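Novice: What follows is a single structure, and I will ask about it in a moment.
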Amino acid sequence: MSNRLNEILETCKFVVNNAKHVKINYDKVDVLIDELLKFNNVHYLTKVPYAVYEMNTKDLVNFLLIYDSIDFSFWGNPKWTVDANGKNLDGGIALLYCIFDLFNGHDSVEVFKQLENITLEEFKNILKGNIDIPLIEERYRIVTEIAKVVNEKMNSDFYGYINAMNSDLEIFSTILEYFSSFEDIRTYKGETIYFYKLAQLLTSDILHVIENKEQKQVDYSNLLGCADYKIPQVMQGFGILEYDKELSLLLETKTEIDENSEYEVEIRASQIVVINYIWNKIDKCIDRIDINDFIWSKGQDKTKEYKPYHLTRTTSY
């Protein structure tokens, strides 16, 4: 199963070599590399404003399985927001706040038992905001299915099942083997294209946590990057990704782009190829998933204006 990570890069290269709407301008990569090499690389979870990192490793890893499994598709008009003690949160940090509240102060083994049998109404209440979060029923199905698998096959403790693993290949394969919701493939010109965004994200998060909290040696060097909508937005802002008129108009008018359309697959594949190109250009001195996280963090910088990102309603990202 480990070859699935190899398949991501190979199939994304196939897309880039045949792309109609997206072009990579490799001459523009150096400016981004200059910033990357000066960047103090600290994993994003260590910086979140809630006491996530104060949880013990078992509860934190178990929390991440649930959180990362539904960390997708927040865009909308209006945006889903939650009230966090008088502060309005949206997107991934709002989801983190809600799911952290579910785990905080509780044994995660008991949380998994509770989640298997939670009702849709109870689940909606956990994610209660100004409106229903997009894809609420899909998120509910994913969480209850994952909890059922963990309870039946992992003794209600995902961390206990994987805690002897210290490599991305092992953890990534385990995630895909047991949790079908992490499937993330597309079809392009008759070929199957692999992305596995959330499976890579979860693998990376787990290994960074184990590395930081337990001071253990881990290996996440095989991870390639998390194909989403913020990373290509930054790459376009740096001039690295160039879109044809047809695709540019769709983005500028904030027109929804279908999952599995040529546009979507080309945007997602191009960012994986760019990350791999940067990795090779810097002599592999920074792992690809950390390059990915650096570019993602650029997209969180509210002081920089970027063109609109592509809008695709999907459970993949």
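Novice: Within a Cβ distance under 15 Å of Thr46, other residues only, what is the Lys/Arg minus Asp/Glu net charge?
Specialist: -4
Novice: Can I ask one more? Give the relative contact order (percent, whole number) for the stretch 105-235; include only Cα pairs under 8 Å separated by 6+ residues.
Specialist: 20 percent
Novice: Charges at C-beta only: +1 for Lys and Arg, -1 for Asp and Glu. How large is the resulting dipole of the stretch 100-177 about its Cα centre, in Debye rounded to 20?
Specialist: The calculated dipole for the stretch 100-177 is roughly 120 debye.
Novice: Dipole size in debye (nearest 20) for the chain around its Cα centre, Lys and Arg Cβ +1, Asp and Glu Cβ -1?
Specialist: That gives the chain a dipole magnitude of about 580 debye.
Novice: Could I ask something else about it? What's the Cα-based Rg to Rh of the chain, Rh via Kirkwood?
Specialist: Dividing the radius of gyration by the Kirkwood radius yields 0.94.
Novice: Below 13 angstrom from the Cβ of Phe112, what's the summed charge of the other residues (Lys, Arg +1; Asp, Glu -1)?
Specialist: -3
Novice: Any idea how far the Cα center of the stretch 88-140 sits from the one of the stretch 1-50, in Å?
Specialist: Each part reduced to its Cα centre gives a spacing of 30 Å.
Novice: Enter the mean projected area of the convex hull around the alpha-carbon atoms of the stretch 239-284, in nm², rounded to one decimal.
Specialist: So the Cα hull casts an average projection of 3.8 nm².
Novice: So, one more: Using the Cα gyration tensor of the stretch 164-249, with a ≥ b ≥ c the square roots of its eigenvalues, what is the shape: rounded (a/c below 1.5), prolate (a/b larger than b/c) or oblate (neither)?
Specialist: oblate
Novice: So what is the relative contact order of the chain, in percent, for Cα pairs below 8 Å that sit 6 or more residues apart?
Specialist: Relative contact order, the chain: 28 percent.
Novice: Something else: Which entries of Lys124/Lys216; Lys28/Lys87; Lys254/Lys281; Lys153/Lys216 show an alpha-carbon separation above 28 angstrom in the structure shown?
Specialist: The answer is Lys124/Lys216; Lys28/Lys87; Lys254/Lys281.
Novice: Can you spot the aspartates and glutamates whose alpha carbon is less than 20 Å from Lys302's alpha carbon? Ignore those fewer than 8 places along the same chain.
Specialist: In chain and number order, the partners are Glu35, Asp90, Asp228, Glu252, Asp293.
Novice: Okay, moving on. Given the options Thr253, Ser108, Gln215, identify the residue whose Cα lies farthest towards the positive end of the charge dipole of the chain (+1 on Cβ of Lys, Arg; -1 on Cβ of Asp, Glu).
Specialist: Value: Thr253.
Novice: How high is the relative contact order of the stretch 133-209, given as a whole-number percent (alpha carbon pairs under 8 Å, six or more residues apart)?
Specialist: 22 percent
Novice: Compute, for the stretch 142-260, the length of the dipole vector about the Cα centre, with Cβ point charges of +1 (Lys, Arg) and -1 (Asp, Glu) only. Units Debye, rounded to 20.
Specialist: 160 debye
Novice: Now, a different point. Is it possible to state the helix-based mean residue ellipticity at 222 nm for the chain, with each DSSP H run of 4+ residues giving -39500 (n - 2.57), the sum divided by total residues, to the nearest 500 deg cm²/dmol? What is it?
Specialist: It lands at -16500 deg cm²/dmol.
Here, each number is a calculation from the coordinates, and none is a lab measurement. Quick caveat: nothing in here was measured; it's all calculated off a predicted structure. Cβ sites come from the backbone with ideal geometry, for glycine too, and all protein chains shown count toward neighbours.
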